[in-house]
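Accompanying notes for the structure given below.
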Number of protein chains: 2
Amino acid sequence: MAALQPITPVILSGGAGTRLWPVSRGAHPKQFIALTDVRTMFELTLARIEGIDHATAPVIVGNAAHAALIHAQGRAGMTLILEPCARNTAPAIALAALALEAQDSAMLVMPSDHVVTDVAAFHAAIERARPLVAQGWLVTFGIEPDAPETGFGYIALGDELAEGVRQVARFVEKPDLARATAMLAQGGHVWNAGIFLFSAHAYLAALAEHQPAMLAAAQDAMARAERDGNTLRPAADAFAACPADSIDYAVMERAERVACVPVRMGWSDVGSWDALHTLAAKDAQNNAVQGAAHAIETRGCLIRSDGPHVTVVGAQDLIVIATADEILVLPRGRSQDVRKAVAALADRKD
Amino acid sequence: MAALQPITPVILSGGAGTRLWPVSRGAHPKQFIALTDVRTMFELTLARIEGIDHATAPVIVGNAAHAALIHAQGRAGMTLILEPCARNTAPAIALAALALEAQDSAMLVMPSDHVVTDVAAFHAAIERARPLVAQGWLVTFGIEPDAPETGFGYIALGDELAEGVRQVARFVEKPDLARATAMLAQGGHVWNAGIFLFSAHAYLAALAEHQPAMLAAAQDAMARAERDGNTLRPAADAFAACPADSIDYAVMERAERVACVPVRMGWSDVGSWDALHTLAAKDAQNNAVQGAAHAIETRGCLIRSDGPHVTVVGAQDLIVIATADEILVLPRGRSQDVRKAVAALADRKD
C-alpha cells in the first residue's frame, strides 16, 4: 500500500465580505473578525485543519493589503502568498499549486470565512476523498442542503465512485426559489461550498488543458516572485495579466474527473447578518447580543457593537450593528439590503 | 396712566433632560442642544424674548456646572445666577426675585427647554397679563390642550378677570388618561407649562406668607453671594439649607390672586423623542433625519446622530439616536422607556 499523500491546507483569504458591512470592511474584512466565536473566522479555519492525518503547515493565499492581519492571526510555519491584485479563485489556487508542485501535495482548498461546527464530519469527508485524489480526481465537498437556498450554486450528484463519494453530474448556477425547492425535494443535489481537495499536479494539469493563459501568467508571476522567508510576493505585472475567473467556471465545470463528497458538517458561509443571527449564541428572548450592547424588553434581535454602547428597548426582530464610525439598523430578513447602505455610503463619499 | 412696568425675562436652566438620553446628559442637558432648529433650546428661549415691549436684559438661573455652556450660548448683558445645588423651581425663582427686588421688575419666568412656534401669540399673551401683574396678581400661562396628555399638570380656569385672562380655579396634578380626556372634552382646562409673569415684589410677598424658610434661605444665599461682573454665585451653605419645592406646589397653589392667560402658541416641552419626531422637519416618508444619518426605504423614523454615521434600511417607526459613546434604538411610541435604558446604564457603571 502506497504511503499516504500529505495534505496541505490552502486557505483563500482574498474576500472582501461586503455583506457584513459595517463590521467587515475592505481593509479589515469578515475573515479577520470574530463573529461566531471569540476566534476570528480565519483563526477558526486554521483550527479546523488541526488533526487532519498527514497534514503539512498551511499555505495562505491572501490580499497583500492584509499581510499584517494574516501574520497577526496566522501561525508559525505557514507559507504566505500575497496576491498583488485580486484575480478570483482559480488563479489564487494556481499560485498555491505552483508553490506545492515540487512536493506534489494534495491541496485542501478552503475559504477563510466559513463556519464548520462538526469538524469531525469534515475530517471524515476528507478521508473519504483521499483515495480518489490519489487517482487524480478533483474532489469538491458538497453541503447536504436543509433549505432551498438561492444564494449558493448547487452540484448535481452522479454515480457513486466509492463509499460516500459521487461523480459530479453537473454544476448548477445559483437557482431561483422554485428550482432550489425542486432540487431539495428531488434530492441528489448539494451546495457548492468552495471547498476542494486535489493534488497540485492534477490541478495544474487541468489548468494546462482548460486555462493555458491563466497557468502561464501564474507561472510567470511565481517564477519572478519576491521571497522573504515563507512569504512570497508573485510578480505584480504578471499576475495583473492573468485572466480572472473562479475555480468553478475555469476548471471544475470543464474537467472530466470531478468528484463530490456530500457532507453534513454544520457548515455556513455566514453570508449575512441574518445568517449570523441564526448561528450566534442567543438569550432566552432569541436575541444575539455581541460586544458593547444591551437589550431591554427586546426579542429576536441581533445587536452587535465594536464601537459605542448600544441599548435597544422594546424592539423586535431588528439587526443593529455598530462600529466606531458606522451604525446599521435594519429589520431581520432584510440583511441582503446591506448592499444598499454600502452603495449609499459610496455616494456620500463621492 | 402709569409707566409700563419693565419685564425681566428669567430663564430657568437647571433641568437635566434625562428623557432625551443619550443626547441630553447631566453635563450637557437638553436646553443646550439643537433639537428642533439649528439653534439650541436655550438660544431659542433667548430669541423668544426679543420684541417684548419694555423688556430688560434677561436673568439666567442655572446650574453652576453649566456656566461655560450658558456663557457660550448666552448674550452680553445677561445676569447669571449660578445655583450651587438644585432646589427645584421655587427657590431658583426666589434668587432671581431677590436680584430684581430693587428695581421691582415684572419677572417673565420661562423654562429654557421648551419650543414656542408662534412667538407673536406668546407676546400678545404677555401683554394681556401685564395689567393684572401691575395689580399684584401672579400670572401663569396655560396652554390650550389639543390632546389628552397625561404628562402635564392642568389648570382649571375660573372667572374672567379681563379679556383673555381667567382666575385660576385650581391646579390639577398630572391626570390619568380618563381624567385628561374628560378635561379636554369639558373645556376650561389648560396645560401648566411652567411659564409665569409676576412682579418680584408679589412673588417675594407670596414666599414670605407661604414659604418663610425658603425665603430666608434664599435671602441668606443672595446676601452672601459672590459677584463677578454680572455673575452671581449664591452662598452654597445657605442655598443647600433651602427647602426644595416647585413653584406650583410652594406658591401658585397656595397664593390667592393667581391668574391664567390661556394661549395657543405652538408650545411643546419636547419631552421625549416621540415629541421631537412630531416637531421635527420630516421628509416625504415621514422620517426626521438629523445629523450624520441616512434613511433608505424607511418610513416614520426619527434618526439622529451626533456621532457615528447611522444608516437605517427598510425600517418603520423607529427611533435611532446616536452619540459618540451611546446609541439608543426603540420603536416610536415607546420613548418613555428611555428611562429603562438610563437605569440599565447606571447599573452597568455601578
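What do you reckon, is A:Thr8 β-branched (Val, Ile, Thr), crowded, with 20+ Cβ neighbours inside 10 Å and either part of a helix (DSSP H, G or I) or modelled with pLDDT under 95 (or both)?
No; evaluated as a whole, the condition is false for this residue.
Filter segment A:323-350 down to the residues that are in contact with an Asp or Glu (Cβ under 7 Å, 6 or more places away or on another chain) and in a strand (DSSP E or B), then identify the one that is nearest to A:Thr278 (Cα to Cα).
Among those residues, the one meeting the criterion is A:Pro331.
Out of the residues in segment A:281-317 meeting the condition of being under 25 Å from B:Gly333 (Cβ atoms) and among the polar types (S, T, N, Q), tell me which one is surrounded by the fewest Cβ atoms within 10 Å (Cβ to Cβ).
A:Gln285
Have a look at B:Glu160, B:Glu149, B:Glu173 and point out the one that is free of Cβ contacts under 8 Å to residues at least 24 places away in the same chain, within 24 Å of B:Lys30 (Cβ to Cβ) and surrounded by fewer than 22 Cβ atoms within 10 Å (Cβ to Cβ).
Going through B:Glu160, B:Glu149, B:Glu173 in turn, the sole match is B:Glu173.
Of the residues A:Asp113, A:Asp118, which is within 23 Å of A:Thr45 (Cβ to Cβ), buried (at least 23 other Cβ atoms within 10 Å of the Cβ) and of a type in the set (Asp, Glu)?
Only one candidate qualifies: A:Asp113.
Output the strands (runs of 3 or more DSSP E) that fall wholly within segment A:134-193 and possess 1 or more residues being at pLDDT 95 or above and within 17 Å of A:Ser268 (Cβ to Cβ), or say none.
Strands (runs of 3 or more DSSP E) meeting the threshold: A:138-143, A:154-162.
Show the residue pairs meeting these rules: Cβ distance below 7 Å; 6+ apart or different chains; first residue within segment A:289-307 and farther than 14 Å from A:Thr278 by Cα and of a type in the set (A, V, I, L, M, F, W, C); second residue modelled with pLDDT under 95 and outside any loop (DSSP other than H, G, I, E, B).
So the pair list comes out as A:Ile296/B:Lys340; A:Ile296/B:Ala341; A:Ile296/B:Ala344.
Looking at B:Ala343 and the list (1) farther than 30 Å from B:Asn88 by Cβ; (2) within 14 Å of chain A (Cβ to nearest Cβ), which single condition is not satisfied?
(1)
Take the residues in segment B:298-322 that are part of a loop (DSSP other than H, G, I, E, B) and within 7 Å of another protein chain (Cβ to nearest Cβ), then tell me which one is farthest from A:Cys301 (Cα to Cα).
Among residues in segment B:298-322 that are part of a loop (DSSP other than H, G, I, E, B) and within 7 Å of another protein chain (Cβ to nearest Cβ), the one farthest from A:Cys301 (Cα to Cα) is B:Gly314.
Quick check: anything in segment A:106-129 aliphatic (A, V, I, L, M) and at pLDDT below 95?
no
Among the residues of segment B:324-340, which ones are within 17 Å of B:Leu35 (Cβ to Cβ), within 7 Å of chain A (Cβ to nearest Cβ) and not hydrophobic (A, V, I, L, M, F, W, C)?
Residue satisfying the conditions is B:Glu326 alone.
Provide a single number: the residues in segment B:262-297 that are touching a strand residue (DSSP E or B) at 6+ places or on another chain (Cβ under 6 Å), part of a loop (DSSP other than H, G, I, E, B) and of a type in the set (Ser, Thr, Tyr).
Number of matching residues: 0.
For residues that are in contact with an Asp or Glu (Cβ under 8 Å, 6 or more places away or on another chain), buried (at least 21 other Cβ atoms within 10 Å of the Cβ) and assigned to a strand (DSSP E or B), tally how many sit in segment B:213-261.
Counting residues in segment B:213-261 that are in contact with an Asp or Glu (Cβ under 8 Å, 6 or more places away or on another chain), buried (at least 21 other Cβ atoms within 10 Å of the Cβ) and assigned to a strand (DSSP E or B) gives 1.
Report, by residue number, each residue of segment B:1-36 that is touching a helix residue (DSSP H, G or I) at 6+ places or on another chain (Cβ under 7 Å) and either of a type in the set (Phe, Trp, Tyr) or free of Cβ contacts under 8 Å to residues at least 24 places away in the same chain (or both).
B:Trp21, B:Ser24, B:Phe32, B:Ile33
Where residues in segment A:262-280 are among the β-branched types (Val, Ile, Thr) and buried (at least 21 other Cβ atoms within 10 Å of the Cβ), which of them is nearest to A:Glu144 (Cα to Cα)?
A:Val263
Among the residues of segment B:318-326, is there at least one that is in contact with a Gly (Cβ under 6 Å, 6 or more places away or on another chain), buried (at least 19 other Cβ atoms within 10 Å of the Cβ) and of a type outside the set (S, T, N, Q)?
Among the residues of segment B:318-326, at least one is in contact with a Gly (Cβ under 6 Å, 6 or more places away or on another chain), buried (at least 19 other Cβ atoms within 10 Å of the Cβ) and of a type outside the set (S, T, N, Q), which makes the answer yes.
I'd like to check something: does segment A:187-199 contain any residue that is within 30 Å of A:Gly77 (Cβ to Cβ) and among the β-branched types (Val, Ile, Thr)?
yes
The values are calculated or read from the model by the stated rules, or taken from the named source; none is laboratory data. Model, not experiment: these values are computed from the prediction. Backbone-built Cβ (ideal geometry, glycine too); neighbour counts: all protein chains shown.
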